[in-house]
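Before any comments, here is the structure.
Nothing in this text is a laboratory measurement; each read-out follows from the coordinates by a stated rule. On a predicted model such as this, the values are computed, not experimentally measured, just so you know. All Cβ positions, even for glycine, are placed from backbone atoms using ideal geometry, and neighbour counts span all protein chains on display.
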Amino acid sequence: MAATKSRLRLAGALGAFVLAALAARKWQLRWGANPREVTATLTGDDLIAEPDLVATRAITISAPASEVWPWLAQLGQARGGFYSYDAWENLVGCDIHSADRVVPEWQHVEVGDEVKLHPDVSMAVAGVDEGRALVLRGAVPMGKAAAPYDCTWAFVLRDRPDGSTRLVMRERYGYTRRWAGLLIEPVEAVSFVMSRKMLMGVRDRAEAGGAPDVAAQRDETTTGGRHAGA
């Protein structure tokens, strides 16, 4: 009898853990995005028509899209960076230095351009709707072998009636090897942390108008909660 109760408690604990993990994963994959944004068709979705994994995240920025776009246009290593945790990225040799100002020389972006993630790794610009959407496509190779997946990374700006802007970020992964999910799923958890910081980094810079002190000594927990799902 005692053994049966022990097994039931263990099963209950495992069930609770699984449910909590699933809930956390759903939250991570949809951080800040409202239901309409999660289900909306965005620029670049057609490039991977049947993805195996999709993450849609978003944030509200108290600035018009015209003041947000310049920060997206200059994304990239050796350019404006990614406005996330530079120190973490540089631990793996990315040599990222996120800009706190809009640089005119980095504002031209067109299809076919290379956006570097690392000195030796890049994504290609697959779509541009100037002032509205930027879509990158590519994957990180595994040594000399091709990556076991295809990926798009889209940034879409949507105006709001009050003059603010919604920045919607979407990642779509299509697996070209059965085991690719074993690689991508753990990486996506890290991507969530970096993407959340990136969204807030773009927001802080756009709202500050490019002032040099935009690293914006805000409490990330408080501000992230304020904007999530707005």
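Rounded to the nearest 0.05, what FRET efficiency do ASP95 and ASN34 have when you use their Cβ-Cβ distance and R0 = 45 Å? Let's see the in-between values first.
Numbers: r = 36 Å, r/R0 = 0.80.
So the FRET efficiency works out to roughly 0.80.
Given H placed 1.01 Å from N in the peptide plane, which residues other than close sequence neighbours of ASP52 have an amide H under 5 Å from its amide H? The answer is TYR173, GLY174, TYR175.
Label-to-label distance, LYS144 versus ASP45, with points set 7 angstrom from Cα along the beta-carbon direction: 4.1 nm. Spacing of the modelled spin labels on TYR85 and GLU130, each 7 Å from Cα toward Cβ, amounts to 3.7 nm.
Computed over segment 152-198, the quotient of the alpha carbon radius of gyration and 2.2 N^0.38 Å is 1.52.
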